[in-house]
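Encoded as structure tokens, the structure appears first; notes follow it.
The values are calculated or read from the model by the stated rules, or taken from the named source; none is laboratory data. Keep in mind that this is a model prediction, so the values were computed, not measured. Cβ placement follows ideal geometry from the backbone for every residue including glycine, while neighbour counts extend to all protein chains displayed. To get the accessible areas, we keep the full protein, side chains included, count just its heavy atoms, and leave off ligands, DNA and RNA. Shrake-Rupley method; radii C 1.70, N 1.55, O 1.52, S 1.80 Å.
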Amino acid sequence: MKPAVKTTIITIAIAVVLLVGALIFVLVNQNSKEPPASADGSSSAPVVRDSSHVLDDAGEGAVTVVEFLDFECEACGAFYPVVEELRQKYDGEITYVIRYFPLPGHLNSRNAALAAEAAAQQGRLDDMYRELFETQEEWGEAQESRADVFRGFAEQLGLDMPAYDKAVADPATTARIDVDFNDGQALGVNSTPTFYVDGEMLQLERFDDLENAINAAMEGR
């Protein structure tokens, strides 16, 4: 990706995150319970669970980057090529984890998360993750369900379709997505994408903040 294009994409994405953050906070929390807290008053929710989905595992001691994402979120879609570039650049040096945070204002964000989780159960999360973001413009912002489109992606990927359909319909799959979403709420996530680097939430202000945070964490090793 050319530097100028990358800068423009990230600048737009950060602007979107900042502009809608307050509104999303209201939508996400209007019916939520008080987040769990530890004895010192901090959130008891973990940034990463043993069950969290790891796209890249660089082993013990590696810098860990966690992204709370919504597959329908335009800002997430704008960050996607930059994230992929960083995953390639720091391959073998960082552990990259994704967690679902389907926003209530996006009709198909949960359907997309269900498709991703169903693919994950067949060991194909990374493939579905890429497919969803690379086709976001085709189905994002639709005002009707696009579950059939996501099922088509599963067929294209050669997934076991009876197993896929069973997973999508299984309440346990929804519950798995809710674990990530509820942890995000408890941690104070109110917009997507929200990144954590070694457990610290990253405040995005400039286009290179994520890479700078990764480098800083590496230097601090």
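Can you find a residue that is open to solvent by 10 Å² or more (accessible area, probe 1.4 Å), closer than 30 Å to PHE207 by Cβ, in contact with a helix residue (DSSP H, G or I) (Cβ under 8 Å, 6 or more places away or on another chain) and touching a residue at least 12 places away in the same chain (Cβ under 8 Å) anywhere in the stretch 111-118? No, the stretch 111-118 has no match at all.
Taken as a whole, the stretch 58-70 holds no residue that is within 19 Å of ILE214 (Cβ to Cβ), open to solvent by 60 Å² or more (accessible area, probe 1.4 Å) and in contact with a strand residue (DSSP E or B) (Cβ under 6 Å, 6 or more places away or on another chain). Among the residues of the stretch 137-150, those identified as under 15 Å from PHE71 (Cα atoms), in contact (Cβ under 8 Å) with a residue 24 or more places away in the chain and either assigned to a loop (DSSP other than H, G, I, E, B) or open to solvent by 70 Å² or more (accessible area, probe 1.4 Å) (or both) are GLU137, GLY140, GLU141, ALA142, SER145, ARG146.
If I filter the stretch 184-198 for residues that are within 17 Å of ALA62 (Cβ to Cβ) and open to solvent by 30 Å² or more (accessible area, probe 1.4 Å), do I get at least one hit? There is at least one residue in the stretch 184-198 that is within 17 Å of ALA62 (Cβ to Cβ) and open to solvent by 30 Å² or more (accessible area, probe 1.4 Å).
Scanning the stretch 83-110 for residues that are open to solvent by less than 30 Å² (accessible area, probe 1.4 Å), polar (S, T, N, Q) and not in a loop (DSSP other than H, G, I, E, B) returns THR95, SER109. Within the stretch 40-94, take every residue that is of a type in the set (Phe, Trp, Tyr) and within 12 Å of the chain's Cα centre (by Cα) and give me the one that is nearest to GLU137 (Cα to Cα). The selected residue is PHE71.
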